[in-house]
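I have placed the structure first, in the form of structure tokens, so that the comments after it can refer back to it.
The values are calculated or read from the model by the stated rules, or taken from the named source; none is laboratory data. All values reported here derive from a predicted model rather than from experimental measurement. Ideal geometry is used to build each Cβ from the backbone, glycine not excepted, and the neighbour counts take in all protein chains shown. Ligands, DNA and RNA are stripped out before the accessible areas are found, and what is left, the full protein with its side chains, is counted by its heavy atoms. Shrake-Rupley method; radii C 1.70, N 1.55, O 1.52, S 1.80 Å.
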Amino acid sequence: MAEGEIAAAVEGLAKDAAEAGRKIADSVGKFAEDSAANAERTVDDAVQTEDRITKSLNDIRPDAPPTETAGQSTITSKLGPADEGESPATPPRARFGTSTSTDYKRTFFTANPETEGQVVVHHAVEQQVMTRYPGVVSPSEMHSLENLRGIPKGATNNRVHLSQIRKEWNRFYKANPNPTQEQLLDFATKVDDKFGHLFNPPIR
């Protein structure tokens with residue numbers, strides 16, 4: 001075979017290979033697009049199905065309260081009513097009240113006598129805040145009922161109070177050398193959102 005024929009043959013093979021590669025790339029791209037579209041449709045279908053089920057249940061029980069959807073919960077708390085202007089379905093944010101006593105355990109158990117002996121009393125905004133950030137929170141605010149939480153003794157206290165919540169606040173202290181009172185309460189609210197369903201009484 002002449003040199004020119006060999007070069008032509010090689011060039012033809014290269015073109016064929018390039019065309020085959022382009023077709024494969026197009027097929028892979030189309031497959032990825034179709035998969036993404038199918039996934040999106042699946043999510044949409046699931047949401048619509050949940051909405052239809054919720055509506056059907058509400059139609060069957062017209063006198064009952066609306067059926068809760070995912071992510072909603074009924075709030076029961078002895079911390080007092082939600083702030084003015086909040087919807088009843090809105091979880092109450094952490095807040096301070098005032099207390100004339102520093103005996104916070106007595107304050108908590110007087111309000112929640114059924115929990116005495118069963119829980120460890122925890123401060124939503126921790127007591128060490130008063131030494132870390134002097135003057136930001138007063139003793140009256142720190143030990144107010146609104147800032148107290150009951151955490152069941154035993155495994156829950158060890159896992160949640162002494163470990164998970166401890167780590168959450170340690171990260172906050174590291175990232176916030178000079179927080180305001182509102183920032184402290186905002187973070188306490190996030191901790192409540194995360195663990196409040198485990199408290200006694202529960203606040204989420």
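If you stretched the chain out fully between Gln127 and Lys190, how much longer would it get, using 0.36 nm times the residue separation minus the C-alpha to C-alpha distance? All intermediate terms of the calculation are to be shown ahead of the outcome.
Working: separation 63, 0.36 × 63 = 22.68 nm, distance 1.74 nm.
In short, 20.9 nm is gained.
Go through region 90-96 residue by residue and turn each phi into a ³J(HN,Hα) via Karplus (6.51, -1.76, 1.60, θ = phi - 60°); whole Hz please, and just put x for glycine and proline.
7, x, x, 7, 4, 7, 9
How high is the FRET efficiency between Arg171 and Thr100 when r is their beta carbon distance and R₀ equals 35 Å, given to the nearest 0.05? Don't jump to the answer; show the numbers that get you there.
Values: r = 33 Å, r/R0 = 0.96.
For R0 = 35 Å, the calculated efficiency reads 0.55.
Once you've got the Cα coordinates, tell me which of Lys105/Lys153; Lys167/Lys190; Lys105/Lys190 are over 20 Å apart. Can you show the working numbers first?
Values: Lys105/Lys153 14 Å; Lys167/Lys190 13 Å; Lys105/Lys190 23 Å.
Violating the 20 Å Cα-Cα cut-off are Lys105/Lys190.
Please identify every one of the chymotrypsin sites (Phe, Trp or Tyr not before Pro) in region 150-203 that sits in a loop by DSSP and has no more than 10 other beta carbons within 10 Å of its own beta carbon. List each step's numbers first, then the result.
Values: sites: Trp169, Phe172, Tyr173, Phe187, Phe195, Phe199; in loops: Phe199.
Here no chymotrypsin sites (Phe, Trp or Tyr not before Pro) fit, given the DSSP loop and packing criteria.
Return the sequence-ordered ³J(HN,Hα) values of region 159-166 in whole Hz as given by the Karplus equation 6.51 cos²θ - 1.76 cosθ + 1.60 applied to θ = phi - 60°, using x for Gly and Pro.
With the stated coefficients, region 159-166 comes to 7, 8, 5, 8, 10, 5, 5, 4 Hz.
Would you mind getting the accessible area per residue of region 84-158, heavy atoms of the protein chains only, 1.4 Å probe, in Å²?
Working: 3850 Å² over 75 residues.
I get 51 Å² per residue for this part.
Taking H placed 1.01 Å from N in the peptide plane, check which residues at least 5 places from Val119 or on another chain put their amide H under 5 Å from its amide H.
Counting only residues 5 or more places away or on other chains, the set is Lys153.
First compute the accessible area of region 86-204 with a 1.4 Å probe, then give the percent of it belonging to carbon and sulfur atoms. Kindly include the intermediate steps, with their values, before the conclusion.
On the way: 3150 of 6070 Å².
Ligands and nucleic acids excluded, carbon and sulfur give 52 percent.
Quick one: which residues, 5+ away or cross-chain, put their amide H under 5 Å from the amide H of Leu148? H built at 1.01 Å from N.
Result for Leu148 returns Ala124.
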